[in-house]
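Participant: What follows is a structure written as structure tokens; I'll ask about it next.
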There are 2 protein chains.
Amino acid sequence: MDDPAADIMGATFRALCDHGYAELTMRDIAEESDRSKAALHYHYDDKEGLLIAFLDHMYDRFTDRVGGYGVEGDAELSEDVDATDPDERLRAFISAVLHPPNDGEAREFRTAMLEIKAQAPYQDAFQKRIARFDDFVTETVTELVEAGQSAGTYHEEIDPDHVAQFVLVVLDGAGARHVVAEVPVDCAVASLEDYLDGHLVDANAGRAEPESKASEQLTDGGETTGASDE
Amino acid sequence: MDDPAADIMGATFRALCDHGYAELTMRDIAEESDRSKAALHYHYDDKEGLLIAFLDHMYDRFTDRVGGYGVEGDAELSEDVDATDPDERLRAFISAVLHPPNDGEAREFRTAMLEIKAQAPYQDAFQKRIARFDDFVTETVTELVEAGQSAGTYHEEIDPDHVAQFVLVVLDGAGARHVVAEVPVDCAVASLEDYLDGHLVDANAGRAEPESKASEQLTDGGETTGASDE
DNA sequence: CCCTTTTGACTGACCGGTTGGTCAGGTTGT
DNA sequence: ACAACCTGACCAACCGGTCAGTCAAAAGGG
């Protein structure tokens, strides 16, 4: 409460969820933080500077939340995740990226982030910050796929970077469709796992079932509408 | 030139490419159409009405362009497309959706469309028009998959609607990543075809090669940056 | 065939409301 | 005293939309 900067970041988050990016005004953020407009300009030069600081703030929160799933991350992830298996870590990472903790304002925040992403071509500073999110996901997926190859779980001839690019496409697509068409994000995850099963998992390896569980389709999932930061 | 409505639609398209949706003003459209602001309000009640008419206009153009690939479409598609094979028609349809004719303003227009899509939660009229695009793609893909199953090319146990949903996710994701990260859309298409090969194509059928050409990866495609209407 | 009226298309000037940002000054803790 | 923090009032710029009036072509009537 008594840290102005952190307080303003929280107010920006709430204002962004309530009004979206396009209709976000400095007055909205000011009211949400119980401060005056001028107080915001005391801490940040202008609106653009405030939003950039907000994106940096969200990047820190994002990496803190899902950083543990990478190859260098700490093993203590969750109950039913085998920390030694890169395949399980990859799937857990994808699920974590797609399902942030605050389920309530999930779609609202995702909508605001999509609006900001759409501003990337006009705002060079925005593009750079968004690229940091993407690079983090890309690197994590790439490393996990490489680890899976070293462990013998994944095919050797697959290009890990190519897989990471596709995962990013599906992640962005799932988020976009959640915003635009109110489709739950899990629908895409099921098909993405089909893709992983069919093109990454080495059938000759130990515990992977190649074709049976793959086509286990949930036509309209449990409406676990999580909002990803990315 | 002498049809005011069509002329304004064209001007709206150009203004949208130049300024994006967020910074699109009535003056921009007026200048692009060599008319006054008031002239626009003569033809359309307000800005929202003009944009809605524009979306309807784009829907007509879109269905005219890619409608021929559906099961009911006319067979004359292109040179090297076997009109009798639903699998080839599906892949041609996906490629057509992703690659509109006007390559020059490709990313600019796609950016504006992404901005508009992000407004769907706030503008109910926008959401309805965008849903028309999505429904058209969904139905086309569903019908083509069903046709492929009837022809014996595709597995029978696959849910066509589930496949269509995933195709839509990848299509939206590819478009979004083209806008945000300047990634060429073809990168995603290659992986999507891998998915189709692995989970739709019945290996027991005739001409489909199951595992060899599948992993033919283009790490950074020929930069054929097309802008889809959808 | 000419004159009048109507109508569709359009313009320039203008208005109310909103937004990002500034500024002079005030309060509080150290 | 001094710095960090904050406020209320204010301003220029801009945007969507309105309004009175212009103009040419079509319509209509004698």
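Participant: Please report, in debye to the nearest 20, how large the charge dipole of the protein assembly as shown is about its Cα centre when each Lys and Arg carries +1 at its beta carbon and each Asp and Glu carries -1 there.
Facilitator: On the way: 36 positive and 104 negative charges, 322 e Å.
Its charge dipole is roughly 1540 debye.
Participant: Further question: So for chain B, taking the charge dipole from beta-carbon charges (+1 Lys/Arg, -1 Asp/Glu), which of B:His41, B:Thr142, B:Thr111 sits furthest toward the positive end?
Facilitator: Among B:His41, B:Thr142, B:Thr111, the one farthest towards the positive end of the dipole of chain B is B:His41.
Participant: Where nothing but the Cβ of Lys and Arg (+1) and of Asp and Glu (-1) is charged, how large is the charge dipole of chain A around its Cα centre, in debye to the nearest 20?
Facilitator: Dipole magnitude for chain A comes out near 840 debye.
Participant: For the protein assembly as shown, what is the mean residue ellipticity at 222 nm derived from helices alone (per DSSP H run of n ≥ 4: -39500 (n - 2.57); sum divided by total residues; nearest 500 deg cm²/dmol)?
Facilitator: Roughly -20000 deg cm²/dmol at 222 nm, from the helical runs in the protein assembly as shown.
Participant: What nm distance separates the two modelled labels at A:Ala151 and B:Asp64, each placed 7 Å from Cα along Cα→Cβ?
Facilitator: 5.4
Participant: Just how much of B:Leu171 is accessible, in Å², when a 1.4 Å probe is used and the result is rounded to the nearest 10?
Facilitator: About 10 Å², rounded to the nearest 10.
Participant: On average, how many beta carbons from a partner chain sit within 10 Å of the beta carbon of a residue in A:177-185?
Facilitator: Partner Cβ neighbours, averaged per residue: 6.
Participant: Over the range B:57-215, what percent of the accessible surface lies on carbon and sulfur atoms, probe 1.4 Å?
Facilitator: Carbon with sulfur: 44 percent of the solvent-accessible area.
Participant: Okay, next question. What is the pair-distance distribution P(r) of the protein assembly as shown, computed from all Cα-Cα distances in 20 Å bins starting at 0, with each bin given as a whole percent?
Facilitator: Calculated P(r), rounded to whole percents: 23, 55, 20, 1.
Participant: Oh, and also: What's the carbon and sulfur percent of the range A:1-43's accessible surface, probe 1.4 angstrom, rounded to a whole number?
Facilitator: Values: 1150 of 2440 Å².
About 47 percent, which is the carbon plus sulfur part of the accessible surface.
Participant: Sorting B:Asp34, B:Asp172 by accessible area (1.4 Å probe), largest first, what list results?
Facilitator: B:Asp34, B:Asp172
Participant: Using only Cα atoms, find the angle between the long axis of helix A:86-98 and the longest principal axis of chain A, and express it within 0 to 90 degrees, rounded to the nearest 10.
Facilitator: Between helix and principal axis, roughly 30 degrees.
Participant: Then there is this: Among A:Ala96, A:Gly68, A:Asn204, whose Cα lies farthest out toward the positive end of the dipole of the range A:55-215, if unit charges sit on the beta carbon of Lys, Arg (+1) and Asp, Glu (-1)?
Facilitator: Sorting the options by dipole projection puts first A:Ala96.
Participant: Please work out the FRET efficiency for the pair A:Asp7 and A:Asp82, using the Cβ-Cβ distance as r and a Förster radius of 45 Å; give the result to the nearest 0.05.
Facilitator: Once rounded, the FRET efficiency stands at 0.65.
Participant: Provide the FRET efficiency to the nearest 0.05 for the B:Ala131-A:Asp45 pair, computing r from the beta carbons and using R0 = 35 Å.
Facilitator: Efficiency at R0 = 35 Å is approximately 0.30.
Participant: What angle, in degrees between 0 and 90 and rounded to the nearest 10, separates the Cα long axis of helix A:124-150 from the longest principal axis of the Cα atoms of chain A?
Facilitator: In chain A, helix A:124-150 runs at an angle near 20 degrees to the longest axis.
Participant: So, one more: Using a 1.4 angstrom probe on the protein heavy atoms only, line up B:Ser95, B:Ser150 by accessible area, largest first. Provide the component values of the computation, followed by the final result.
Facilitator: On the way: B:Ser95 50, B:Ser150 105 Å².
Largest to smallest exposure gives the sequence B:Ser150, B:Ser95.
Participant: Continuing with this model, one more query. Under a plain spin-label model, where a point goes 7 Å from the Cα along Cα-to-Cβ, how far apart in nm are B:Arg27 and B:Gln123?
Facilitator: Here the modelled spin labels are 2.0 nm apart.
Participant: Further, regarding this structure: Total Å² of accessible surface buried at the B-A contact, 1.4 Å probe, nearest 100?
Facilitator: So the total buried area for this chain pair works out to about 3900 Å².
Participant: I'd like the accessible area for A:Thr25, computed on protein heavy atoms only with a 1.4 Å probe and all protein chains in place. Round to 10 Å², please.
Facilitator: Number for this one is 60 Å².
Participant: Run the numbers on the range B:85-124: which residues show a drop of 50 Å² or more in accessible area, chain on its own versus all protein chains together, using a 1.4 Å probe over heavy atoms?
Facilitator: B:Ala118, B:Pro121, B:Tyr122
Participant: Against the longest alpha carbon principal axis of chain A, how many degrees, from 0 to 90 and to the nearest 10, is the axis of helix A:47-66 turned?
Facilitator: 30
Participant: So for the range B:1-101, averaging the separation of alpha carbon pairs under 8 Å that are six or more residues apart and normalising by length, what relative contact order in percent results?
Facilitator: After rounding, I find 16 percent.
Participant: Take the alpha-carbon centre of the range B:116-133, take the same for the range B:28-79, and report the distance between them in whole Å.
Facilitator: Centre-to-centre (Cα) distance: 15 Å.
Participant: Pairs A:Lys47/B:Lys128; A:Lys37/B:Lys37; A:Lys37/A:Lys117; A:Lys128/B:Lys117; A:Lys117/B:Lys128: which are spaced more than 27 Å apart, C-alpha to C-alpha?
Facilitator: A:Lys47/B:Lys128; A:Lys37/B:Lys37
Participant: Next question. How much accessible surface area, in Å² rounded to 10, belongs to the heavy atoms of A:Thr140 with a 1.4 Å probe?
Facilitator: Solvent-accessible area, nearest 10 Å²: 10 Å².
Participant: If you roll a 1.4 Å probe over the heavy atoms of the protein chains, what accessible area per residue do you get for the range A:55-215, in Å²?
Facilitator: 39
Participant: Hey, for B:Asp60 with labels 7 Å out along Cα-Cβ, what do the inter-copy distances come to in nm, ordered shortest first?
Facilitator: 5.3
The values are calculated or read from the model by the stated rules, or taken from the named source; none is laboratory data. Note that this is a predicted model, so its numbers are computed, not measured. No Cβ is skipped: glycine too gets one built from the backbone with ideal geometry, and neighbour counts run over all protein chains shown. Surface areas here come from the heavy atoms of the whole protein model, side chains and all, with no ligands, DNA or RNA. Shrake-Rupley method; radii C 1.70, N 1.55, O 1.52, S 1.80 Å.
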